[in-house]
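What follows is one structure encoded as structure tokens, with my remarks underneath.
The values are calculated or read from the model by the stated rules, or taken from the named source; none is laboratory data. Given the structure is predicted, the values throughout are model-derived calculations rather than measurements. Cβ coordinates were reconstructed from backbone atoms using ideal geometry, including for glycine residues, and neighbour counts include every protein chain displayed.
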Amino acid sequence: SPAAHSPSSDAAADPASQLAAASAEYERLAAAGLSLDITRGKPSAAQLDLSDGLLSCVDGESFRAADGTDTRNYGGAAGLRELREIFAPLLQAPVDQLLAQGNSSLTLMKDALTFALLHGRPDSPAPWAAEAVRTGAPPRFLCPVPGYDRHFGLAEALGFELVPVSADAEGPDPEQVAALTAEDPSIKGIWLVPVHSNPTGVSISPARARTLLALETAAPDFTVMWDNAYALHHLREPHPEPVDVLALAAEAGRPDRVLTFASTSKITHAGAGVAFFAASPAMTDWFLTHTGAGSIGPDKVNQLRHARFFGSSEGVLAHMRRHAALLAPKFAAVDAVFSRVLGPEDLAAWTNPGGGYFITLAVSPGTASRVVKLAGEAGVKLTPAGATHPYGLDPDDAIIRVAPSMPPLEEVETAAEVVAACVRLATLEARAS
Ligand code: PLP
């Protein structure tokens, strides 16, 4: 049931009775014995069902691609052309520069960074790892915050030092990025989720993208990791105009600076989709050459399934509208609960994103960990506070990532009630102390 408290009557009450009421409301919700999880941006079962046609559109009679390729065999390192043709216009990539690979774009990001560390890029003075040994300084990577925990974890696991940079409604702060990269050749790149960013929902403006691509950097091989995970994942119209980043990079005279990534993980089956890589011709060759040392070709049967299932670029867009119809009510439900419980007294701020998979909840500094703990004890699992920051450390202890996609709508509503009650309690506790 909805929260029992009434913000208007609480607002009139003295702080001690407000706190007592918040505590009672929390105890009431906690007593319900809930077990809910809004930690990760996974598609719901209903979303996965949308793509079950994949499981039957290739069989023992129909494994040949349009060009006659027997998809069951080795080969075709760049991926099946008919699938790349469907996704090229959606990802603003020329089809010859778009590779279709395995199931995970994160793996392609790991590969690209590993190739740079071991072999260097074509424009590198030395492999990044060798340079680190020579200079005694680890390679460093810029991490816009709040950001995606797996980006940070991957870079950390590969030995990069993580350098937080702040971001606003247009993207990473260009002055901070310029100041950091101008003098320090160990800063090798920046993470970027250009559309409906994880977790803030921000989409980069073309002007900001141009600035990042044109920056004079001390490292000649400074790399923008353009992770377009949510390129097509709009919750409402109008949606952000796509930025043709490969064209912008070429116009800026730095065609090789940006490596782009995407996947169908949140379009079809999250664990059995197709990942894409696109870059300049030189960087696409570089990636493919090194990939070729470790693979005799991607899973073309799965790629053919995807090409058949969608049929066309428009088929992908129509499919994404079906996802939006399932997802948008969940985002709206969280917004409605937060607005009712937290809004009247400005107890927190939160995003109402136009796409992607996350809501960022900004609570009073110093209370995010307490909120996550309270929610956990009441049976609602939240992503650990700090996960949105390098090394899991949010210096303000203020940011919580809410992922409403996976549970059914009623459970999302209940989870939001619990989170809101926890925010209210933690905020009033902090004010009282
Ligand atoms: N990039 C971002 C920004 C994500 O949020 C996610 C998943 O949550 C991924 C990449 C993972 O992509 P994939 O499944 O293609 O490895």
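Only one of the listed residues (ASP285, ASP227) is closer than 16 Å to GLN101 by Cβ and crowded, with 22+ Cβ neighbours inside 10 Å. That residue is ASP227. Looking for something touching a residue at least 60 places away in the same chain (Cβ under 8 Å), of a type in the set (A, V, I, L, M) and in contact with a Ser or Thr (Cβ under 7 Å, 6 or more places away or on another chain) - is there at least one such residue anywhere in the range 206-215? No, the range 206-215 has no match at all.
Go through the residues of the range 96-111 one by one and say whether even a single one is more than 16 Å from the ligand (Cβ to nearest atom) and surrounded by fewer than 19 Cβ atoms within 10 Å (Cβ to Cβ). Spell out the reasoning first.
First, the residues of the range 96-111 that are more than 16 Å from the ligand (Cβ to nearest atom): 96-97.
Within this subset, residues satisfying the condition of being surrounded by fewer than 19 Cβ atoms within 10 Å (Cβ to Cβ) are 96.
Looking for residues that are more than 16 Å from the ligand (Cβ to nearest atom) and surrounded by fewer than 19 Cβ atoms within 10 Å (Cβ to Cβ), one finds at least one in the range 96-111, hence yes.
Are any of the residues in the range 274-287 under 18 Å from GLY41 (Cα atoms), touching a strand residue (DSSP E or B) at 6+ places or on another chain (Cβ under 8 Å) and assigned to a loop (DSSP other than H, G, I, E, B)? Yes - at least one qualifying residue is present in the range 274-287. Every condition in (1) without any contact (Cβ under 8 Å) to a residue 60 or more places away in the chain; (2) touching a Gly at 6+ places or on another chain (Cβ under 8 Å) holds for VAL258 except the one numbered (2). Scanning the range 299-316 turns up at least one residue that is touching a residue at least 40 places away in the same chain (Cβ under 8 Å), within 16 Å of the ligand (Cβ to nearest atom) and not in a helix (DSSP H, G or I).
So in the range 40-74, with the set limited to residues that are assigned to a loop (DSSP other than H, G, I, E, B) and of a type in the set (A, V, I, L, M), which one is surrounded by the most Cβ atoms within 10 Å (Cβ to Cβ)? Per the stated criteria, the residue is VAL58. Among the candidates ALA130, ALA126, the residue that is within 27 Å of ALA78 (Cα to Cα) and without any contact (Cβ under 8 Å) to a residue 24 or more places away in the chain is uniquely ALA126.
Summed over the range 199-218, residues that are in contact with a helix residue (DSSP H, G or I) (Cβ under 7 Å, 6 or more places away or on another chain) and among the aliphatic types (A, V, I, L, M) total 5.
Check the range 106-121 and report whether any residue there is farther than 28 Å from VAL274 by Cβ, in a helix (DSSP H, G or I) and of a type in the set (Gly, Ala, Ser). For the range 106-121, residues farther than 28 Å from VAL274 by Cβ, in a helix (DSSP H, G or I) and of a type in the set (Gly, Ala, Ser): absent. Between LEU50, LEU54, the distinction of being modelled with pLDDT of 95 or more and more than 16 Å from the ligand (Cβ to nearest atom) belongs to LEU50 only.
Would you say HIS290 is more than 16 Å from the chain's Cα centre (by Cα), of a type outside the set (Asp, Glu) and within 16 Å of the ligand (Cβ to nearest atom)? Reasoning before the result, please.
Working: more than 16 Å from the chain's Cα centre (by Cα): yes; of a type outside the set (Asp, Glu): yes; within 16 Å of the ligand (Cβ to nearest atom): no.
Criteria not met by HIS290.
Results for (1) in contact with a Pro (Cβ under 9 Å, 6 or more places away or on another chain); (2) touching a residue at least 40 places away in the same chain (Cβ under 8 Å); (3) farther than 15 Å from HIS196 by Cα, shown as yes or no for each residue.
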| residue | (1), (2), (3) |
| --- | --- |
| TRP350 | no, yes, no |
| GLY354 | yes, yes, no |
| SER364 | no, yes, yes |
| ALA375 | no, yes, yes |
| LEU382 | no, yes, yes |
| HIS389 | yes, yes, yes |
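Looking for something part of a loop (DSSP other than H, G, I, E, B), under 20 Å from the mean Cα position of the chain (by Cα) and under 17 Å from LEU409 (Cα atoms) - is there at least one such residue anywhere in the range 331-346? I'd like the intermediate steps shown before the answer.
So the first thing to find is which residues in the range 331-346 are part of a loop (DSSP other than H, G, I, E, B), and the list is 342-346.
Add one more test, that the residue is under 20 Å from the mean Cα position of the chain (by Cα), and what stays is none.
No: the range 331-346 contains no residue that is part of a loop (DSSP other than H, G, I, E, B), under 20 Å from the mean Cα position of the chain (by Cα) and under 17 Å from LEU409 (Cα atoms).
Of the candidates PRO220, PRO199, PRO206, the single residue that is of a type outside the set (Phe, Trp, Tyr) and crowded, with 23+ Cβ neighbours inside 10 Å is PRO199.
For the range 135-143, indicate whether the set of residues that are of a type in the set (Ser, Thr, Tyr), surrounded by fewer than 18 Cβ atoms within 10 Å (Cβ to Cβ) and not assigned by TED's automatic domain parsing to the domain that holds PHE358 is non-empty. Lay out the reasoning, then the answer.
Step one: filter the range 135-143 for residues of a type in the set (Ser, Thr, Tyr), giving 135.
Add one more test, that the residue is surrounded by fewer than 18 Cβ atoms within 10 Å (Cβ to Cβ), and what stays is 135.
Adding the requirement that they be not assigned by TED's automatic domain parsing to the domain that holds PHE358 leaves 135.
Looking for residues that are of a type in the set (Ser, Thr, Tyr), surrounded by fewer than 18 Cβ atoms within 10 Å (Cβ to Cβ) and not assigned by TED's automatic domain parsing to the domain that holds PHE358, one finds at least one in the range 135-143, hence yes.
Which helices (runs of 4 or more DSSP H) does the range 138-242 wholly contain that include 2 or more residues that are within 16 Å of the ligand (Cβ to nearest atom)?
149-157
Whenever a residue of the range 83-101 is on the phi > 0 side of the Ramachandran plot, its partners that are at pLDDT 95 or above and assigned to a loop (DSSP other than H, G, I, E, B), lying with C-beta atoms within less than 7 angstrom and at least six residues away or across chains, give the pairs GLN92/ASP244. Within the range 243-277, if we keep just the residues that are farther than 29 Å from PHE331 by Cβ and small (Gly, Ala, Ser), the residue that is nearest to the ligand (Cβ to nearest atom) turns out to be ALA249.
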